[in-house]
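The values are calculated or read from the model by the stated rules, or taken from the named source; none is laboratory data. Worth saying up front: this structure is predicted, and the values here are computed from it rather than measured. Please note: Cβ atoms are built from the backbone with ideal geometry, for glycine as well, and neighbour counts cover all protein chains shown. Each accessible area value is taken on the protein alone, full model and side chains, heavy atoms only, with ligands, DNA and RNA left out. Shrake-Rupley method; radii C 1.70, N 1.55, O 1.52, S 1.80 Å.
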Amino acid sequence: MDRRETKRRAEEADVAEPRNKLARPALSLPTDPALYSGPFPFYRRPSELGCFSLDAQRQYHGDAHALRYYSPPPTYGQGPKFDLRDGYPDRYQPRDEEVREGLDHLLRWLLDHRGQLEGGPGWLAGAIVTWRGHLTKLLTTPYEQQEGWQLAASRFQGTLYLSEVETPAARAQRLARPPLLRELMYMGYKFEQYMCADKPESSPDPSGDVNTNVAFCSVLRSRLGNHPLLFSGEVDCTDPQAPSTQPPTCYVELKTAKEMHRPGHWRSFYRHKLLKWWAQSFLLGVPNVVAGFRNPEGFICSLKTFPTMEMFEYVRNDRDGWNPSVCMNFCAAFLSFAQNTVVQDDPRLVHLFSWEPGSPVTVSKHQDAPYAFLPTWYVEAMTQDLPSPPKTPSPKD
Ligand code: GDP
Ligand code: MG
């Protein structure tokens, strides 16, 4: 079947949009890139509503104390020589990945700020609340050939909440993570330590521990098509020298990649890694990704800045490249699919959206444990806000 034919059939199937309110929601959503290659959809410039920090014990603070400052090495003289394996494993304090945090930290922020949200009364009731990382997975789905995902969805007071569930395959992989991969994860965080200072006027201190409990998270408002979004994402650092000091445009994302020596290596990097980097940074409005390239001995010897808005240029003329329109159109289609599927307003009801490469997205329904993810403290606090029914019986009763 050629591309046009695939597209026509999908239009006939009218996959995610019921024709009228009586129509049943679709049962599945296809993910083939050819179905989503229309014009780039509307995406509101993300604006920062606030932020929070997680400390070395993974405790929440409603402030920016964990925000670090971009502090690259001087560009004169020789290039950098960052030993990314330094401190491993003795100065590594990795976050406990068995702790399932769900949306909890973001919900804590939302509870503290629900009275001051912009967008007018009722804005939150029409919004989708999630982590940026979950949206990144949606954006890259049409091109993903390795890892599936599961997203749990609940509607509560109108708002649609989306929280990822670790798939059995992902859990098995995590528990069996090879030692070399563990070290590679450390190296990514170590690079951040070489590139970031704790204060705008100070320099990086690579002598300390690498503690991955610590995080600075930005909370943003945006809109994709007709879907208002409130999401949060972890930000590596802010650039005190950035042309604009206004977040998120002052934020910088730091990444590492293997040193590449052949054109084929670069091609593959543009097709796969750059797609993930683009999706993650574009969603949050981070203008630049600074990459450190590591040699086989684990040293960073060169740096390169990739402006987020220029990443697509590397694959624009590549038949096997990715297309930002496809990513965003698929995400919008998924959000419509989810909005139309999760009709009942009930924080204990979960629609579980599951996807495996090569298949469409499917749905199953679940009540309470183990899938329900909106914590009682959140549901109760939000419920107490609503005008409560009169306590004394009305004369008619
Ligand atoms: P990212 O885009 O994948 O880095 O994820 P986000 O920026 O949306 O981060 C959302 C929250 O998840 C933050 O509190 C992060 O500290 C946390 N987080 C980031 N990556 C991971 C991960 O690989 N596993 C787990 N469990 N949490 C993560
Ligand atoms: Mg990073």
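For the range 253-397, the tally of Lys pairs with Cα-Cα distances below 19 Å comes to 8, considering only residues 8 or more apart or on different chains. Computed over the chain, relative contact order equals 27 percent, with contacts defined as Cα pairs under 8 Å that lie 6+ residues apart.
Evaluating 6.51 cos²θ - 1.76 cosθ + 1.60 at θ = phi - 60° for every residue in the range 270-286, the Karplus couplings come out as 5, 6, 10, 5, 5, 4, 5, 4, 4, 4, 4, 7, 5, 4, 8, x, 7 Hz, glycine and proline recorded as x. Accessible area per residue for the range 204-294 is 39 Å², calculated with a 1.4 Å probe on protein heavy atoms, without ligands, DNA or RNA. The order of the peptides 375-385, 41-51 by mean Cβ neighbours within 10 Å, most packed first, is 41-51, 375-385. Please list, by residue number, everything in the range 183-212 whose backbone N is under 17 Å from a paramagnetic label point 7 Å out along Cα→Cβ of E97. So the set is 183-190, 211-212. If R0 equals 35 Å, the separation of the Cβ atoms of E201 and S302 corresponds to a calculated FRET efficiency of about 0.85.
Note that the range 76-172 presents 48 Å² accessible area per residue, ligands and nucleic acids not counted, probe 1.4 Å. Once C-alpha pairs closer than 8 Å and six or more residues apart are averaged by separation and normalised to the residue number of the range 257-397, the relative contact order reads 14 percent. Relative contact order, whole percent, for the range 200-278 stands at 17, derived from Cα pairs under 8 Å and 6 or more residues apart. Here the chain carries DSSP beta bridges of which approximately 75% are antiparallel, counting only pairs with both residues inside.
Taking amide H as placed 1.01 Å from N in the peptide plane, R223 has its amide H under 5 Å from the amide H of R44, L229, each at least 5 places away in sequence or on another chain. Shown here is the pair-distance distribution of the chain: with all Cα-Cα distances grouped in 20 Å bins from zero up to the longest one, the shares run 24, 57, 17, 1, 0 percent. In loop segments of the range 282-325 as defined by DSSP, the GluC sites (Glu not before Pro) with at most 12 further C-beta atoms inside 10 Å of their C-beta are E297.
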